[in-house]
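The block underneath contains the structure these notes are about, expressed in structure tokens.
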Amino acid sequence: MNFEAIIGLEIHVEMKTKTKMFSSAPIRFKAEPNTNITYLDLAYPGSLPRLNKQGVINAIRVSHALHMSIDDTLYFDRKNYFYADLPKGYQITQQDRPIGKNGYLEIEVNDQKKKIGIERLHMEEDTAMQHHYSDYTLLDYNRVGIPLVEIVSLPEIRTGEEARKYVEKIKEIVTYLDVSDGKMENGSLRCDVNVSIRPFGSDKFGTKVEIKNLNSTANIEAAIDYEILRQSSLLIKGQEIAQETRRFDEAKKETVLMRVKTDAVDYKYFSEGNIPPVHLSQEFIRHAIETSNELYDQKLERFLNDYKLNDVDAKILLSSKELADYYDEAAKNTKLYQPLANFVISEVLGYLNKNNISIGEFNVKPNNISTLVEILNNKEINSKQGKDIFQKMIETNKDPLTLKNEMGATLITDKDKIRADVLEIISQNPTLPTDYKNGKTRALGFVMGLLMKKNRGKVEPNLANEIIKEELLK
Amino acid sequence: MNNYLNLSIVELHNLLLKGEVKPSTLVLEAIEKCKNDEFNALEALNFDEALKKAYELDKKEVPSDNYFFGIPYIAKDNLSTKGLETTGGSNILKGYVPSFDATVISILNSLDAIMVAKSTLDELAMGGSGRSGHKGLQYNPFDKTKMHLIGGSSSGSAIVTAASYVPFALGSDTGDSIRKPASYGGLVGYKPTYGLISRFGLFPFSVSLDHIGYFTRSVEDAAILFDALNKYDENDYTSSLKERTKVCPLDEKEVKKVAVISEVISSIKDEKILNSFKNYVQELENRGVKVDYVNVDSNLLKAIYPSYIIISSAEATSNNANLDGVKFGNRKEGKTYQEVMFNTRNEGFGELIKRRFILGSYALMKENQEEVYLKAKRVRHAIVDTFNKILDEYDAFIAPAAPSVARKVNEDSDALDDTYLIADNYLAIGNFGGYPSITIPLGLKEGLPFGLSITSKIFADKKCFEVAKLSEDIIGLKGLSTSNIDEFIKEGK
Amino acid sequence: MKEVNKETLKIAAEKLLFDMEDSQYETLLNEFHVIIKQLELMDNIEDLSSYSPLSFPYVDESFSLLRDDEVIEETLLNKEEVLANAKEVRDGQIELPKVVG
């Protein structure tokens, strides 16, 4: 029997705001435990929530990027359950009226574009961080209340690869919008997967299995592929698929049972009485969208059209938002877009890869890179000197013009000096002018070689070329 | 013993201004009265801090424009007080010392009012009888034999005002938790328009019904206190952004037209109360106020209580889900985290609120939500629509605040008769619609007070006070307390 | 409405993380009988379904103010304050018996 997998993804994205969704406590990663906290974060009686404007703006921007319709009135609900990491005993969320509805995103699989529908995007808040030890658990409340958006796909994903690409696209969108770090490994992007299978052609859904604790896009793909195989072989054997929650065992590359789902939990949702409906003006929504950062696709279009970069180079520069931003910044100081791209890709990226650091940790200012590209392009220095200056820029943080002078990295442009050297070379090889006139053009190269050798390469080559020609033709 | 504290805030302010008393005199008197409390009114005491502040104020000049300078008061123990244990009347919060002040406490602090103690309440403000809190029963101070209750949930605050431990006390009102005990305690009890006095720091019971309010012994005091507390607070997302205006001075001549809901009156059986009300209405008319008897579908009125109990209990389960012993409160140990939370809640909550929580969670269950919880909220909507229309036409609607005087210690009402369903519970209309609503003393029956309720439309707090002021003049029980009731009885009240 | 008997009430209590005495469940069951009768009173209201569930006393523009994304330093708690009200504390954090998924 042939089976079709029905895959739905729920993605939680932690928003990169200064303060929490409902409290004015700061969000500072890697802070000392329990130091980013105010009354609401510990659910002290009488503390009250206040809605973070930036959290709302971020949710609008992501909704817009996912082609969703955006609700102009915000409603919040409570999701009630008891858990060690949930201080209030409920989570503030948007159950009835999510801010974003009915969107999609596009992925490319086997050179084909596929639209994946997105049911909803809603705002909610994070829980406390639990640190488990041998026989106790410690609670750090710094994470409580960090804004989250939850993005729920329609069950339109069919393979592990599609799921991976879908998550990569979401990650790309939230990082390009700069609303989140979007790092699965840090938990700032988390993904729960639902997988069920059914015989091809059937329109009924099979029993859903949930997979949790997936910490990379590769694992998402692997877990789904494994799960599809597992479920298929169960069905082929005539066995039932149990409704359960599984996790991915990275070492074994298998999903393993966490718990069997009994009755669905009743979260007793009801409206959050401390936050009356908030009307958002069209102006507010439009402004949030208009002032948002460029998405990948928009940036790519601009790199191709405005900078006239080739497709391959543009995509390399866009492989991370930070690198693209670096290039953008450097491009402000030059019109030499393609040479700049070449330099960033070969030299800057080469350096980063060799030293295994990110562009964020690279201390050379973008405008210094553009200056270096300019003087290289003007042949004020040669490529060997360019490399030396680049290395020094990294070490000393000085600008390339200063370094050029300090390192004496200049080319000889004194015509009389060049002519004297050329004449000396010709006088030692008196047949050269005749050869040249007879069409043996390599005579020119021969002189150039000796000239450069004599001057350790530091002769301005265009000038030298001109002078050699003149003398050979005399 | 001195009895300055039987005077109103305004009278005390004038004595302070003239230099006839000092803040410390007043605070010492309040402390003395608290120490001799026989009605079981108090929680944490703040004597040392209060005295320290009083002695500081003794040295300062009394500002003529601040009525609250040096005035002692008591706050209900569901208001967060920084550095002072706040339990909400529940064992589960035993030992909880808040790290912040409720906004109302901060305001009074900044006005140099002096908090001498916290007052007890029905557990977590649920119950309404003054007998469910962890301190046991709160007795009505008008009955020295302790056969009657003061009512709740702001039971302690009602006692301390009626027995003049202080000239005013803060409370909270979710269904009638200020206005009902005010009726039983011969007090002025006020609940403002929703969104005018910040709820920040009020332990939540049912947040869209919860209001902070207070007890005083005169309408004027209630009005000046309103002017002090009526402030936008960015900490409370339901704090109204409307520009605030002072209600004082009050002008009773502005009162033109009031409504009496016929079905409320006809559900009252107590002849004494009905008579007092009739006489009062007569005098209102004599003074040129138009009084209309208005009919409201009694089915709607009978649905107030079920709607209230469902909405408030449902939301209370969630509002008190933070009480699990993990972050604060009276944690009980266990082998697993679930056991810790279970033991804490199991031992920490009293019986009545456990029953309310179960009822509330039933209402919220997926299979019941539409039939129970959402239906109750539809009833709320129907009631608010009906009363918005009435209040648009009238300065206020008036009725006795309760169908009886204070309940006996072991007395229960018939939960299904009209007197209970309507006259004993209609005050929740004020919470459903967020209306300004006040209770003032209406009369005395065998030495026990009963009250009059006045309710106006939202943001018409000034009008509500003006109707109350006029009514206070007519009724003549201004300043009633346990120490002067005999004089009023002699006058034939 | 979901069936109400001692068993279902006990389950509801468990989900709320407490229990009661047997006699207290009796009291509650009796209370439920009364409340169910009171709830029936709601059905006598004409046209009730035409009213939407009301969650706030009133709603107007006066509430909709979004908070600027700025830290308010005065309301921050230091670690000592955070831990002051917790009964079990270890290594600057609040302690619980080991939490297992």
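The values are calculated or read from the model by the stated rules, or taken from the named source; none is laboratory data. A quick note: this is a predicted structure, and the numbers were derived from the prediction, not measured. Neighbour counts are summed over all protein chains in view; Cβ atoms, including those assigned to glycine, are modelled from backbone coordinates with ideal geometry. For the accessible areas, the whole protein counts, side chains as well, though only heavy atoms, and no ligand, DNA or RNA atoms are used. Shrake-Rupley method; radii C 1.70, N 1.55, O 1.52, S 1.80 Å.
Structure above, values below:
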| item | result |
| --- | --- |
| Rg(Cα)/(2.2 N^0.38 Å) for the protein assembly as shown, N = residue count | 1.22 |
| Placed amide H near residue A:254: partners under 5 Å, 5+ positions off or other chain | A:249 |
| From phi via Karplus (6.51, -1.76, 1.60), per-residue ³J(HN,Hα) for the range B:24-39 in Hz, x at Gly/Pro | 5, 4, 5, 5, 4, 5, 4, 5, 4, 5, 4, 5, 9, 4, 10, 9 |
| Cα-projected label distance for residue C:7 with residue A:233, points at 7 Å along beta-carbon direction, nm | 4.1 nm |
| Label zone at residue A:203 (point 7 Å along Cα-to-Cβ), backbone N below 20 Å, the range A:102-138 | A:117 |
| Those residues of the range A:380-399 whose amide nitrogen sits under 13 Å from the label point placed on residue A:456, 7 Å along Cα→Cβ | A:385 |
| Rg(Cα) / (2.2 N^0.38 Å) computed for the range C:6-45, rounded to two decimals | 1.38 |
| Relative contact order %, the range B:1-139, counting alpha carbon pairs below 8 Å whose residues are six or more apart | 27 percent |
| Greater than 21 Å apart at Cα, pairs in A:113/A:321; B:272/B:462; A:379/A:404; A:171/A:253; A:88/B:135; B:146/B:445 | A:113/A:321; B:272/B:462; A:171/A:253; A:88/B:135 |
| Ellipticity estimate at 222 nm from DSSP helix runs (n ≥ 4, -39,500 (n - 2.57)) divided over chain A, nearest 500 | -11500 deg cm²/dmol |
| Solvent-accessible area, 1.4 Å probe, carbon plus sulfur percent, for the protein assembly as shown | 47 percent |
| Total accessible area lost when A and C pair, probe 1.4 Å, Å² to nearest 100 | 3700 Å² |
| Helix C:22-42 vs. chain C, principal-axis angle (Cα, 0 to 90°, nearest 10) | 70 degrees |
| Vicinal HN-Hα couplings computed from phi for the range B:420-434 (Karplus, 6.51 cos²θ - 1.76 cosθ + 1.60; Hz; Gly/Pro x) | 5, 5, 9, 5, 8, 9, 5, 4, 4, 3, x, 7, 4, x, x |
| Rounded FRET efficiency, nearest 0.05, which uses the C-beta distance separating residue A:470 from residue A:351 and R0 of 51 Å | 0.75 |
| Relative contact order, percent, the range A:415-473 [alpha-carbon distance under 8 Å, six or more residues apart] | 46 percent |
| 18 Å cut-off, amide nitrogen to a point 7 angstrom out along residue A:287 Cα→Cβ, residues in the range A:46-62 | A:51-62 |
| On Cα atoms only, tilt of C:6-15 relative to the major axis of chain C in degrees | 20 degrees |
| Amide hydrogen neighbours beyond the local backbone of residue A:412, cut-off 5 Å, H modeled | A:459, A:460 |
| Convex hull of the range A:294-406 built on C-alpha atoms - directionally averaged projected area, nm² | 6.6 nm² |
| Neighbour net charge for residue A:97 - beta-carbon separation under 12 angstrom, K R +1, D E -1 | -3 |
| Table column - 3J(HN,Hα) (Hz), the range A:185-201, Karplus curve with 6.51, -1.76, 1.60, x for Gly and Pro | 5, 9, x, 7, 9, 10, 9, 10, 10, 10, 10, 9, 10, 8, x, 3, x |
| Hydrodynamic radius by Kirkwood, which averages 1/r over all alpha carbon pairs of chain B, in angstrom | 22.4 Å |
| The range A:3-279 - Debye-derived log10 I(q)/I(0), Cα point model, q = 0.16 Å⁻¹ | -1.35 |
| Amide H contacts of residue B:194 (H built 1.01 Å from N, under 5 Å, at least 5 apart or other chain) | B:435 |
| Chain B - percent relative contact order, Cα under 8 Å, separation 6 or more | 18 percent |
| Cβ-Cβ FRET estimate between residue B:295 and residue A:266, R0 fixed at 41 Å, reported to 0.05 | 0.50 |
| Within-10-Å neighbourhood charge of residue B:39 [Cβ basis; K, R +1; D, E -1] | -1 |
| Residue C:46 paired with residue A:438, simple spin-label distance in nm, labels 7 Å along Cα-to-beta-carbon | 12.2 nm |
| Label-point gap, in nm, between residue B:412 and residue B:44 - each point 7 angstrom along Cα→Cβ | 3.5 nm |
| Lysines whose Cα lies under 24 Å from that of residue B:60, excluding same-chain neighbours fewer than 8 positions away | B:18, B:22, B:52 |
| Within chain B: Cβ-based charge dipole about Cα centre, in debye rounded to nearest 20 (Lys, Arg +1; Asp, Glu -1) | 500 debye |
| Cα-based reach from residue C:37 at 22 Å (exclusive), listing lysines while leaving out same-chain residues under 8 positions away | B:302, B:354, B:366, B:375, B:377, C:2, C:6, C:10 |
| Computed accessible area, residue B:227, all protein chains, 1.4 angstrom probe, square angstrom | 20 Å² |
| Kirkwood hydrodynamic radius (C-alpha pairs) into Stokes-Einstein, the range A:48-174, 25 °C and 0.890 mPa s, D in µm²/s | 150 µm²/s |
